[in-house]
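What follows is a short report on a single structure.
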């Protein structure tokens, strides 16, 4: 039986009088690809923001590797082995691909402020390590031809891969992806799927928030469904596809709009 790496226990989040999440309990097993789906406003990104401590929860607990993490400052999260991408890209557009990915590698850095200011030999070694790691990850996701390109000059599909590479440079045990295929064409989506399969195959756990059902069905080992902040279903892709409540509140709506 696989070990649980991430656990949400009765997590609730209120914004004033609005309950964005209500007693959500779910778990993610090590090495799995787990997806979270649901209509707009269901609370999916809110849960992701709580997992990475960008939002405080109102009640409940979040555990990562059996340690409670919901009280930690956001800057400490990458160092614990959690990394994420965002639905709206958060890449410095004037930096090169290499520089952007190096930002992710730097989160695992070992140097303090003083060595950086004084340019101690330890800092020079650390810079070399960071750039080496960034180049390794860039090659892993297939962006070596764009390594020195300014990120803002690249199409959206490639920028999505740059953001994934930056997250991977943190050497995460668990990678969160928020609507990573939004705005991508078919070929760009297939490239993302290919990279994620490589990430999964090297043992990294992946937690996906998505609307793209073909993408979710192709990758996921387990799917959770939220509606109005409450978990309404969980199961394999096949079980979710046949779940009548999910069809009524979500899948049927997708088919109607397609």
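Worth a mention:
- All told, residue 48 meets the bar of being buried (at least 17 other Cβ atoms within 10 Å of the Cβ) and within 14 Å of residue 176 (Cα to Cα).
- Residue within region 210-218 that is more than 21 Å from residue 87 (Cβ to Cβ) and touching a helix residue (DSSP H, G or I) at 6+ places or on another chain (Cβ under 6 Å) present: no
- Put simply, of 43, 60, 38 the only residue that is in contact with a helix residue (DSSP H, G or I) (Cβ under 6 Å, 6 or more places away or on another chain) and either surrounded by 17 or more Cβ atoms within 10 Å (Cβ to Cβ) or under 23 Å from residue 199 (Cα atoms) (or both) is 38.
- Criterion (surrounded by 15 or more Cβ atoms within 10 Å (Cβ to Cβ) and closer than 26 Å to residue 211 by Cα) met by exactly one of 89, 54, 95, 18: 89
- Residues that are in contact (Cβ under 8 Å) with a residue 40 or more places away in the chain and under 12 Å from residue 213 (Cα atoms), drawn from region 241-252: 250
- The criterion of at least 3 residues that are at pLDDT 95 or above and either over 14 Å from the mean Cα position of the chain (by Cα) or not assigned by TED's automatic domain parsing to the domain that holds residue 214 (or both) is met by the following strands (runs of 3 or more DSSP E) wholly inside region 1-119: 4-15, 18-29, 59-64.
The values are calculated or read from the model by the stated rules, or taken from the named source; none is laboratory data. Bear in mind the structure is a predicted one, so any value in this text is a computation, not a measurement. For neighbour counting, all protein chains shown are included, and Cβ atoms are generated from backbone atoms with ideal geometry for every residue, glycine included.
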